[in-house]
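Below is one structure, written out as structure tokens, with a few remarks after it.
Coordinate-derived values only; no laboratory data. Remember, it's a predicted structure, so these values are computed and weren't measured experimentally. Don't worry about glycine lacking a Cβ; one is built from the backbone with ideal geometry, like all the others, and counts go over all protein chains shown.
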Amino acid sequence: MFELIIEEEFSAAHRLRNYKGKCERLHGHNWKVQVIFEGEETGKDGLLMDFSILRDKVKEVIKILDHNYLNTIPFFKRKNPTSENISYFIFKKLCSIFKNEKVKVKKVTVWENSKQAASYSED
Ligand SMILES: [Zn+2]
């Protein structure tokens, strides 16, 4: 298996519901997002998929979150905008974009600061 890794960042505000602690108050983070893609076969050019295509797709999803108040996005009205749920949101959005591609989304990791992160992957 080959893996390709794309990293991007976004800034957004959130507040956590049903939570006691600093994150229950409105505040922002500069989140770092890492997406790991995987695939078995490269093309004749030796590439699994062009990095610029992967980056554009990751940016397309992150654009929904960037400079936004996450609690107002429909998905996060139902689910708390935690790093866990942000990684899930990005994973699912990318899976639907890549569902007919030879490259699959393997794992999405979201850092809310340089010391802590949450990841989502399936099987
Ligand atoms: Zn927070």
Completion exercise
The one condition G28 fails out of (1) surrounded by 12 or more Cβ atoms within 10 Å (Cβ to Cβ); (2) touching a residue at least 60 places away in the same chain (Cβ under 8 Å); (3) touching a His at 6+ places or on another chain (Cβ under 8 Å) is (2)
Problem - Complete set of residues in the range 12-23 that are within 10 Å of the ligand (Cβ to nearest atom) and part of a loop (DSSP other than H, G, I, E, B) - result: R15, L16, Y19, G21
Handout entry: Where E9 falls short, out of the listed (1) under 19 Å from T109 (Cα atoms); (2) within 12 Å of the ligand (Cβ to nearest atom); (3) free of Cβ contacts under 8 Å to residues at least 60 places away in the same chain; (4) not aromatic (F, W, Y)
Key = (2)
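Look at R78 and say whether it is basic (K, R) and closer than 17 Å to L4 by Cβ.
no
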Problem - Output for the range 24-38, where each listed residue is over 30 Å from D50 (Cα atoms), more than 9 Å from the ligand (Cβ to nearest atom) and either in a strand (DSSP E or B) or of a type in the set (S, T, Y) (or both) - result: none
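Among K77, K93, which is the only one that is within 21 Å of D123 (Cβ to Cβ), of a type in the set (D, E, K, R) and free of Cβ contacts under 8 Å to residues at least 40 places away in the same chain? Outline the logic, then answer.
Working: K77 fails: within 21 Å of D123 (Cβ to Cβ).
Among K77, K93, only K93 is within 21 Å of D123 (Cβ to Cβ), of a type in the set (D, E, K, R) and free of Cβ contacts under 8 Å to residues at least 40 places away in the same chain.
If you go through the range 39-58 one residue at a time, how many are of a type in the set (S, T, Y) and either within 13 Å of the ligand (Cβ to nearest atom) or without any contact (Cβ under 8 Å) to a residue 12 or more places away in the chain (or both)? Before you say what the answer is, go through the steps one by one.
Within the range 39-58, the subset of a type in the set (S, T, Y) is 42, 52.
When the remaining residues are screened for being either within 13 Å of the ligand (Cβ to nearest atom) or without any contact (Cβ under 8 Å) to a residue 12 or more places away in the chain (or both), the result is 52.
Of the residues in that region, 1 qualify.
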